[in-house]
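Enquirer: Here it is: the structure, laid out below.
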Amino acid sequence: MHIPPLELKNLVDVNCPLCGNCSPKRITQKGQFSLTCNVSICENDGLVYLTPRWSKPKYNQFYREEYDNYYRSSRSKEDEKKVHSKCIELIMQRLSSIQVGQAQKSVLDIGAGMGYSLSWLKENYKNFEVYAAIEPSSECKKNIESSDFIQYITDDLDSNWDAGKFDLIILRHVLEHFMSPISSLKKVAQHMKNDSFAYIAVPDMMNPKGELENYWFRTVHTFYFSKETLVKSANMAGLEAVIIGQENSELWGVFKLSNKKPIEFNEKNTYKRQMTVINKHLNKRKIKDTTSIV
Ligand SMILES: [Zn+2]
């Protein structure tokens, strides 16, 4: 794998988007691939996020020019299709548990990749009539645009775009990459109707897997949500949770529009629980290090 040198200058300080705290506690500076990864936690509410971090232009450049060197799958197209089919099948199973998925006519996949999930939906569900995609990768964009049924909207959710409203919006493992998740969720909410649903899945910071400093923490993951911080973020964007699930280190939820005030949660308790999880995982690594020296 070719890893080009990275410019690490011009880091940007980020306040906690939930409470505005400008001095979160640093947990570690180590992340996957030894890239800039200043993992911090807000002591007011337990939100884990990167600060200081790369600027948006630096992230854009990374996604455009370098991301694939680190994260592009070596799987064949056929295997890649199978993986995505399983993922979307699971999403539709979860949606069906609240009777969603059979009546919706339009679907927007944010972070659509090659468009395989939308293709699977077209083959397996007859109710959808409009298929739309937002995807930053130019390689994937080409593939989506060559499809005769997917409408390619934009490469950047945060840019100015308008493609009307959708019955179902899917954000599978994309929210944790955003520069400003609450603003992005507000944009999602603007493209929903009163009977629309948004499916959101992210890594579960209360149930991490693998080593935190060599695997779980990564420069491209700017935010690390727990159930509480995800629901609060959604609430602040005008969305409320219909259902929340936690399985296999993944946190997922289905959301709809809401004008209710954000649900109160015990923020100090979330911070304490989150620190317990983090310390347990960091200590596991230290114990392993000591054992290997002996
Ligand atoms: Zn905070």
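The values are calculated or read from the model by the stated rules, or taken from the named source; none is laboratory data. From a predicted model like this one, the values you see are computed outputs, not experimental measurements. Backbone-built Cβ (ideal geometry, glycine too); neighbour counts: all protein chains shown.
Enquirer: Counting only residues that are in a loop (DSSP other than H, G, I, E, B), of a type outside the set (A, V, I, L, M, F, W, C) and crowded, with 18+ Cβ neighbours inside 10 Å, how many does the stretch 120-135 have? Walk me through it before giving the result.
Expert: Filtering the stretch 120-135 for residues in a loop (DSSP other than H, G, I, E, B) gives 125-129, 135.
Subset that is of a type outside the set (A, V, I, L, M, F, W, C): 125-127, 129, 135.
Now drop any that are not crowded, with 18+ Cβ neighbours inside 10 Å, which leaves 135.
Final tally of qualifying residues: 1.
Enquirer: Which numbered condition trips up residue 218, out of (1) assigned to a strand (DSSP E or B); (2) touching a Gly at 6+ places or on another chain (Cβ under 8 Å); (3) basic (Lys, Arg)?
Expert: Here residue 218 meets the rest and fails (1).
Enquirer: Here is a further query. Quick one: would you say residue 109 is away from the ligand (no atom under 16 Å from the Cβ), in contact with a strand residue (DSSP E or B) (Cβ under 8 Å, 6 or more places away or on another chain) and of a type outside the set (Gly, Ala, Ser)? Lay out the reasoning, then the answer.
Expert: Details: away from the ligand (no atom under 16 Å from the Cβ): yes; in contact with a strand residue (DSSP E or B) (Cβ under 8 Å, 6 or more places away or on another chain): yes; of a type outside the set (Gly, Ala, Ser): yes.
So residue 109 fits the description; yes.
Enquirer: So residue 90 clears everything in (1) part of a loop (DSSP other than H, G, I, E, B); (2) without any contact (Cβ under 8 Å) to a residue 40 or more places away in the chain except one condition, right? Which one?
Expert: Evaluating residue 90 over (1) part of a loop (DSSP other than H, G, I, E, B); (2) without any contact (Cβ under 8 Å) to a residue 40 or more places away in the chain leaves (1) as the failure.
Enquirer: Hey, another quick one. Could you go through the stretch 176-193 and let me know if any residue there is closer than 24 Å to residue 82 by Cα, buried (at least 20 other Cβ atoms within 10 Å of the Cβ) and of a type in the set (A, V, I, L, M).
Expert: no
Enquirer: Hey, residue 184 hits all of (1) within 16 Å of the ligand (Cβ to nearest atom); (2) within 22 Å of residue 56 (Cβ to Cβ) but one; which does it fall short on?
Expert: Checking residue 184 against (1) within 16 Å of the ligand (Cβ to nearest atom); (2) within 22 Å of residue 56 (Cβ to Cβ), the one that fails is (1).
This table checks each residue for (1) on the phi < 0 side of the Ramachandran plot; (2) touching a residue at least 24 places away in the same chain (Cβ under 8 Å); (3) part of a strand (DSSP E or B).
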position: 233; (1), (2), (3): yes, yes, no
position: 241; (1), (2), (3): yes, no, yes
position: 251; (1), (2), (3): yes, yes, yes
position: 256; (1), (2), (3): yes, yes, yes
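Enquirer: Residue by residue through the stretch 144-174, note down the ones that are assigned to a strand (DSSP E or B), within 23 Å of residue 195 (Cα to Cα) and of a type outside the set (Phe, Trp, Tyr). Break it down into steps so the answer makes sense when it comes.
Expert: Filtering the stretch 144-174 for residues assigned to a strand (DSSP E or B) gives 150-154, 166-172.
Still in the running and within 23 Å of residue 195 (Cα to Cα): 150-151, 153, 166-172.
150, 151, 153, 167, 168, 169, 170, 171, 172, listed by residue number.
Enquirer: Being exposed (fewer than 14 other Cβ atoms within 10 Å of the Cβ), away from the ligand (no atom under 16 Å from the Cβ) and among the aromatic types (Phe, Trp, Tyr) is the requirement here; does residue 71 meet it? Please lay out each step first, then the result.
Expert: Details: exposed (fewer than 14 other Cβ atoms within 10 Å of the Cβ): yes; away from the ligand (no atom under 16 Å from the Cβ): yes; among the aromatic types (Phe, Trp, Tyr): yes.
Yes.
Enquirer: How many of the residues making up the stretch 16-46 are surrounded by 20 or more Cβ atoms within 10 Å (Cβ to Cβ), free of Cβ contacts under 8 Å to residues at least 40 places away in the same chain and away from the ligand (no atom under 14 Å from the Cβ)?
Expert: 1
Enquirer: Considering (1) crowded, with 21+ Cβ neighbours inside 10 Å; (2) in a loop (DSSP other than H, G, I, E, B), say which one residue 107 fails and leave the rest.
Expert: Single failed check for residue 107: (2).
Enquirer: Related question: Among the residues of the stretch 136-156, what is the count of those that are touching a helix residue (DSSP H, G or I) at 6+ places or on another chain (Cβ under 9 Å), among the hydrophobic types (A, V, I, L, M, F, W, C) and surrounded by fewer than 21 Cβ atoms within 10 Å (Cβ to Cβ)?
Expert: Result for the stretch 136-156: 1.
Enquirer: Here's another thing I want to ask about it. Residue 92 - would you say it is away from the ligand (no atom under 16 Å from the Cβ), modelled with pLDDT under 95 and surrounded by 16 or more Cβ atoms within 10 Å (Cβ to Cβ)?
Expert: Values: away from the ligand (no atom under 16 Å from the Cβ): yes; modelled with pLDDT under 95: no; surrounded by 16 or more Cβ atoms within 10 Å (Cβ to Cβ): yes.
Here the answer is no, as residue 92 does not meet what is asked.
Enquirer: Also: When residues of the stretch 194-215 are filtered for being in a loop (DSSP other than H, G, I, E, B) and surrounded by fewer than 23 Cβ atoms within 10 Å (Cβ to Cβ), how many remain? Give the derivation first.
Expert: Filtering the stretch 194-215 down to residues in a loop (DSSP other than H, G, I, E, B) leaves 204-211.
Next, from what is left, pick out any that are surrounded by fewer than 23 Cβ atoms within 10 Å (Cβ to Cβ): 204, 206-211.
Of the residues in that region, 7 qualify.
Enquirer: Select from the stretch 47-68 the residues that are free of Cβ contacts under 8 Å to residues at least 40 places away in the same chain and within 16 Å of the ligand (Cβ to nearest atom) and list them in ascending order.
Expert: Passing the criteria: only 51.
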